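Colleague: Questions regarding the structure given below will be posed in turn.
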Amino acid sequence: MTVDQVKLLARLLEVTRNLSTTVDLETYLQSILSAASELTESETASLMEFDEAAQDLYFKYVPWFHRDAIKDARIPLNGSAAGWIFLHVKPLMIDDVKKDERHYGRIDELSGFVTRSLLGVPLILHGRPVGVFEVFNKANSGNYTEEDALVLETLASLAATAMQNEMLESTMQSSQDEARDLDRLKNEFIAITSHELRTPLGLILGHSTFLRELVGNEYEEQVDAIIRNASKLKEIIESLSSVDNYQTGGASIRSRKVSITRIIEDVSASFRDVAIQKGVALKVELERGQDLLVDADGSKVAIVLSNLVKNAITFTNEGGHVIIRGEQQPDFVKVSIEDDGLGIPLKDLPHVFERFYQVESHLTRRHGGMGLGLSVAKVMIEMHGGRIWAESMEGLGSTFTFLLPVGKTSNVPDPVNPFVE
Ligand code: ADP
């Protein structure tokens, strides 16, 4: 390697190193253009991208002093040096454009630039040409060399990768926008439907409760079934609305001093029969003599705990255990519900608090539910300024934990667990 080659390589390395600190694509490509002009001793450089729809090339980046004149210009694939490079996927050197009919003179006319010589290489992504990178007018009326071509190819591959990243980013951005739109539509749909269902359902419940008094023993079973199922529907609608109300800021909590100890005991008592029927041992572990007191909306905390205990029993097989623990920490109360049941696969764990999310598909699963319990629990805990998260190992069991601040103003620390929702 000659001294000049070593110097060139060192300069190329320096340029690429500087490039890695540039963040936006525009600056990045401008730096690549400057580096290309400098390292190949050219007057100027340009980068063209292939337009799939129009089947021609256009200037993606040109030095600013040409930009206005040629920014809308199109370069045909046939009858231009850039087109030749693109179609043949090969570098091209033209020492004197006057003697080569592949040169497309229109750009010179538009920009007022006089092209004498040029060197161009294809921009390649995944083995396919996506554009062309060119430098013009070698200094001192010299001719371009193989080395220049190598430098330009190196810079072209950097440019191509950067352009691909930009493409990926814009695709990602538009998918995110789409997902956000869909989410908004879903929320609107849920808000409207649950609102519209509430009134007729209230009437069904009211009238059937009235009927029950009238019909006596004979149809008691049937009327009870109507009331039971209508109440279930009402619960579902309440769950849907509570998430919506929270998201739209319409929800409120009525805080009073409440005993979490008491709530734990009540909820556990209400699930005793269900647990016995299922053959699951339900246990409460609390420090003796300590009442866990917080400023909170007791009815909401009870809903949260019920949802968690119900899940723990549902997703634990016969012979399993569910333990509810409550513990006082300096500024908050910590409640956890541990089971040694089915557990949650790692890939599903970060999503279980999303509305309608269920590990098993709704159609194949054996358990009821609509994937609402945990999302309701999450919004209710967060309304209190608390945190809720899940830890789980598939096949070994799960632990759901929530923290509630003792006073209204206390700050609950971020949990250490990464699967926070
Ligand atoms: P659902 O009412 O359908 O159970 P949830 O929002 O309460 O909905 O729970 C969402 C999903 O998280 C459940 O369908 C289940 O797959 C999973 N899950 C929740 N709790 C547990 C648990 N203790 N053990 C295993 N899986 C659980």
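Colleague: From the residues in the stretch 289-305 that are assigned to a loop (DSSP other than H, G, I, E, B) and acidic (Asp, Glu), which one is most open to solvent (accessible area, probe 1.4 Å)?
Modeller: Among those residues, the one meeting the criterion is Asp291.
Per-residue answers, yes or no, for (1) within 13 Å of Ser157 (Cβ to Cβ); (2) open to solvent by 30 Å² or more (accessible area, probe 1.4 Å):
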site	(1), (2)
Leu92	no, no
Glu101	no, yes
Glu109	no, yes
Gly112	no, yes
Leu119	no, no
Pro122	yes, no
His126	yes, yes
Gly131	yes, no
Glu134	no, no
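Colleague: Can you tell me which of Ser336, Ser361 is under 27 Å from Asn229 (Cβ atoms), more than 9 Å from the ligand (Cβ to nearest atom) and either of a type outside the set (D, E, K, R) or at pLDDT below 90 (or both)?
Modeller: Ser361
Colleague: Take the residues of the stretch 367-393 that are within 7 Å of the ligand (Cβ to nearest atom) and in contact (Cβ under 8 Å) with a residue 24 or more places away in the chain: which is surrounded by the fewest Cβ atoms within 10 Å (Cβ to Cβ)? First the steps, then the outcome.
Modeller: Residues of the stretch 367-393 that are within 7 Å of the ligand (Cβ to nearest atom), as a first pass: 367, 369-375, 392.
Then drop every residue that is not in contact (Cβ under 8 Å) with a residue 24 or more places away in the chain, which leaves 367, 369-370, 372-375, 392.
Values: His367: 10, Gly369: 15, Met370: 14, Leu372: 20, Gly373: 20, Leu374: 24, Ser375: 23, Ser392: 23.
Ranking the qualifying residues of the stretch 367-393, first place goes to His367.
Colleague: So in the stretch 106-139, with the set limited to residues that are among the charged types (D, E, K, R) and free of Cβ contacts under 8 Å to residues at least 40 places away in the same chain, which one is nearest to Asp51 (Cα to Cα)?
Modeller: Arg128
Colleague: Quick check on my filter: what residues within the stretch 321-340 are in contact (Cβ under 8 Å) with a residue 60 or more places away in the chain and not polar (S, T, N, Q)?
Modeller: Ile324, Gly326, Asp331, Phe332, Val333, Lys334, Val335, Ile337, Glu338, Asp339
Colleague: Same structure, new question: For the stretch 306-352, how many residues are within 17 Å of Met370 (Cα to Cα) and assigned to a strand (DSSP E or B)?
Modeller: Count: 0.
Colleague: Among Val416, Val412, which is the only one that is outside the structural domain of Lys310 (by TED's automatic domain parsing), at pLDDT below 75, buried (at least 19 other Cβ atoms within 10 Å of the Cβ) and of a type in the set (A, V, I, L, M, F, W, C)?
Modeller: The match here is Val412.
Colleague: Give me the helices (runs of 4 or more DSSP H) completely within the stretch 194-288, filtered to those with at least 3 residues that are surrounded by 14 or more Cβ atoms within 10 Å (Cβ to Cβ) and among the aliphatic types (A, V, I, L, M), ordered by residue number.
Modeller: In the stretch 194-288, the matching helices (runs of 4 or more DSSP H) lie at 220-247, 260-270.
The values are calculated or read from the model by the stated rules, or taken from the named source; none is laboratory data. Since the model is a prediction, treat every value here as computed from it, not as a measurement. Virtual Cβ from ideal backbone geometry, glycine too; neighbours counted across all protein chains shown. Remember, those area values only see protein heavy atoms, side chains included, never the ligands or the DNA or RNA. Shrake-Rupley method; radii C 1.70, N 1.55, O 1.52, S 1.80 Å.
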